[in-house]
Amino acid sequence: MKKLFFMVFLIFSISAFAADTIKIGAIFDFTGGTADVGKPYAEGVKDCVRWFNEKGGINGKKIELFDVDYSYKVPNALAAYKDFKMKGVVAIHGWGTADTEALTKFVAQDKIPYLSASYSEHLADGKKTPYNFFVGASYSDQTEAALQFIKDNKGKTVAFIYNDTGFGRSPFFPDGENAAKKLGIQLVDKQVVDLKALDATAQMLNLKKSGAEYAIVQETYMATSTILKDAKKNGLTTKFIGLNWTFDRPLIKLAGDAANGFYGVSPFAFWSDTDVEGIKFLRELNKKYHPDVHEREVNYIQGFSSMYVLLSAIKNVKGPITGESIKHSLESMRDFNTMGLTPPVTFTPDIHKGVRAARIYQIQNGQIKPVSKVITLQ
């Protein structure tokens, strides 16, 4: 009888604990092709959860984060999703383009909001992908901003450099091609460079032959540094513009002098933007959480920003916290202030890309400098 009573008490206690926590899944890349940007991003996500929990969680409920390293492999993401669903998560923070797109039908069917680090335009339509959201300007929008910058600077020809993944192709086909035509810029070359490439000599020699004045790069730090070093080694005069995953101080460390002159499109604040409220806050938070870390990458800021938006939406839920109520809360966000870490975030039932603005930056003598005004995207 005592044993039976204990078992009933234990089950009741576990159920009561579960009811007092908010379960969220997280898919990270610590060991795969995008680990160079995935690790700091994950730290930003985790620090945001830790900070919320230290403040008492959400309406008295602690956040329980289940995270998985999926090594940038779609089957691993699908397995993680099944596990999260069994655990009863109410939302998921995902990572890559191919895996996020592979999961769209499942999250819609199961009504689990899914914020990703993929800014693929394919995920922005609230009617087609009703449970997918992202906090950032889409890759397609960033590409159009880069093309507009090229046009404003009298450029007439462009090349696209990308890796042969869903992430790599996302900005350019067909959106980048269409934007170039619309702006009267001729696409003269396309080059594929692997995410972990240590040599891009052949691609840079082909690019040189094309005569492209500008090249837009969709890679992460490692491949971008290889591209810039081999471009310099082979005497290219092409000007390179990278989308958000290419551009920050780790690139400068990897590419050295070859990084000078490189442009980047970013909808996020940088660690060096010390006048931004959110950067001041994160600097203080890192003194507490990571006293040995004196500088953070923009990927960390991206991760924190995205989870901050998700948890703020959950906090604003009226009534029971369910996937449907979180979706409604996200779609009700208008000009949400991320402490300046991003432009104001707005979602609607039709549009699930939260940020519609970006700036062009350039690396000048080892420093990151803004070289354009804020570009508002349609």
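The values are calculated or read from the model by the stated rules, or taken from the named source; none is laboratory data. Computed from a prediction, not measured in an experiment: that's the story for all the values here. Note that each Cβ is placed from the backbone with ideal geometry, even for glycine, and that neighbours are counted across all protein chains shown. The area values use the complete protein model at the heavy-atom level, side chains included, leaving out ligands, DNA and RNA. Shrake-Rupley method; radii C 1.70, N 1.55, O 1.52, S 1.80 Å.
Of K85/K318; K73/K280; K82/K190; K61/K287; K73/K151, which sit over 29 Å apart, Cα to Cα? Intermediate results must be reported in sequence, preceding the final value.
Values: K85/K318 23 Å; K73/K280 36 Å; K82/K190 37 Å; K61/K287 26 Å; K73/K151 37 Å.
From the list (K85/K318; K73/K280; K82/K190; K61/K287; K73/K151), the Cα-Cα distance tops 29 Å for K73/K280; K82/K190; K73/K151.
Segment N178..T348, full-extension length gain: 58.7 nm, with 0.36 nm per residue of separation and the alpha-carbon distance subtracted. Among 127-136, 255-264, the peptide with the highest mean count of other Cβ atoms within 10 Å heads the list, and the full ranking is 127-136, 255-264.
Protection proxy ranking of 224-231, 88-95, by the mean of other Cβ atoms within 10 Å over each peptide's residues and highest first, is 224-231, 88-95. Taking only protein heavy atoms and a 1.4 Å probe, the accessible area of the chain is 54% carbon and sulfur. Note on the stretch 214-281: along the principal axes its Cα atoms extend 43, 20, 17 Å, ordered by decreasing extent.
Taking every alpha-carbon pair under 8 Å whose residues sit at least 6 apart, the chain reaches a relative contact order of 18 percent.
Of the peptides 303-314, 58-69, the order by per-residue mean of other Cβ atoms within 10 Å, starting with the highest, comes out as 303-314, 58-69.
Given contacts defined as C-alpha pairs under 8 Å and at least six residues apart, what's the relative contact order of the stretch 118-252, whole-number percent? Answer for the stretch 118-252 is 24 percent.
Between L285 and K233, the C-beta separation translates, for a Förster distance of 45 Å, into a calculated FRET efficiency of about 0.65. Here K369 is the anchor, and the aspartates and glutamates within straight C-alpha reach of less than 19 Å, apart from those fewer than 8 places off in the same chain, are D152, D248, D257, D273, D275, E277, E295, E297.
Note on K156 and R50: their simple-model spin labels are 5.5 nm apart, each label 7 Å out from Cα toward Cβ.
Rolling a 1.4 angstrom probe over the protein heavy atoms, how many square angstrom per residue are accessible across the stretch 117-196? Show your work: numbers first, answer last.
Details: 3040 Å² over 80 residues.
Ligands and nucleic acids excluded, the result is 38 Å² per residue.
Taking 32 Å as the limit for the C-alpha separation, the pairs K87/K128; K196/K327; K181/K208; K208/K373 exceed it in the case of K196/K327.
What translational D, rounded to a whole number of µm²/s, comes out for the chain from Stokes-Einstein when the hydrodynamic radius is the Kirkwood one over Cα pairs, at 20 °C and 1.002 mPa s?
Details: Rh = 21.4 Å.
Here the translational diffusion coefficient equals 100 µm²/s.
Annotation note: trypsin sites (Lys or Arg not before Pro) in the stretch 280-378 located in DSSP loop regions with a Cβ neighbour count of at most 11 within 10 Å are K318, R334, K373.
With R₀ fixed at 41 Å, the C-beta to C-beta distance from K318 to V293 puts the FRET efficiency at about 0.60. Entry note, the stretch 96-141: relative contact order of 39 percent, from Cα contacts under 8 Å with a spacing of 6+ residues.
Based on the Cβ-Cβ distance from A202 to V74, what FRET efficiency comes out when R0 is 25 Å, to the nearest 0.05?
Details: r = 28 Å, r/R0 = 1.13.
Once rounded, the FRET efficiency stands at 0.30.
Of all DSSP-defined beta bridges confined to the chain, some 30% are antiparallel rather than parallel.
To the nearest 500 deg cm²/dmol, what mean residue ellipticity at 222 nm is calculated for the chain from DSSP H runs of n ≥ 4 alone, each contributing -39,500 (n - 2.57), summed and divided by the residues?
Mean residue ellipticity at 222 nm (helix-derived): -13500 deg cm²/dmol.
At full extension, N365 and K209 could sit 53.4 nm farther apart than now, given 0.36 nm per residue minus the alpha carbon distance.
Of the GluC sites (Glu not before Pro) in the stretch 272-378, the ones in a loop by DSSP (not H, G, I, E or B) with at most 12 other beta carbons within 10 Å are E295.
Of all the Cα-Cα pairs you can form in the stretch 253-296, what percent are over 17 Å apart?
Values: 471 of 946 pairs.
Above the 17 Å cut-off, the stretch 253-296 has 50 percent of its Cα pairs.
Between S305, F268, Q148, the Cα set farthest toward the positive side of the dipole of the chain (charges on each charged residue's Cβ, about the Cα centre) is that of S305. Within the stretch 75-215, the percentage of alpha carbon pairs spaced more than 23 angstrom apart rounds to 45%.
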